[in-house]
1. Taking 0.36 nm per residue of separation and subtracting the Cα-Cα distance, what length does fully extending residue 72 through residue 52 add?
2. Compare the peptides 9-19, 52-62 by average per-residue count of other Cβ atoms within 10 angstrom and give them in order, highest first.
3. Once the piece of chain linking residue 45 and residue 32 is laid out straight, how much longer is it, given 0.36 nm per residue of separation minus the C-alpha distance between them?
4. On full extension of the chain, what length is gained from residue 4 through residue 62, given 0.36 nm per residue of separation minus the C-alpha to C-alpha distance?
């Protein structure tokens, strides 16, 4: 099993955390925007985003499973 996972992420406009998008984003392929909810426990904001706002990160298993993270949490995990 891999210890890092490449996944799509987007920044929450309310709390600033990075939200890990599920592999199957519920959106129509031709739609210009997708709608998601923040996975941070104290936030939960629902927001729309453009496809070009999505970034790809390689995350350690713990952050991938948590479904959200702060950029500062990656600094100690990057090699």
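We did not get these values from a lab; they are worked out from the coordinates using the rules stated. Please read these numbers as outputs of a predicted model, since none were measured by experiment. Note that each Cβ is placed from the backbone with ideal geometry, even for glycine, and that neighbours are counted across all protein chains shown.
1. Gain on extension, residue 72 to residue 52, equals 5.0 nm.
2. Most protected by this proxy first, the peptides run 9-19, 52-62.
3. 2.7 nm
4. Values: separation 58, 0.36 × 58 = 20.88 nm, distance 0.92 nm.
My answer for the length gained is 20.0 nm.
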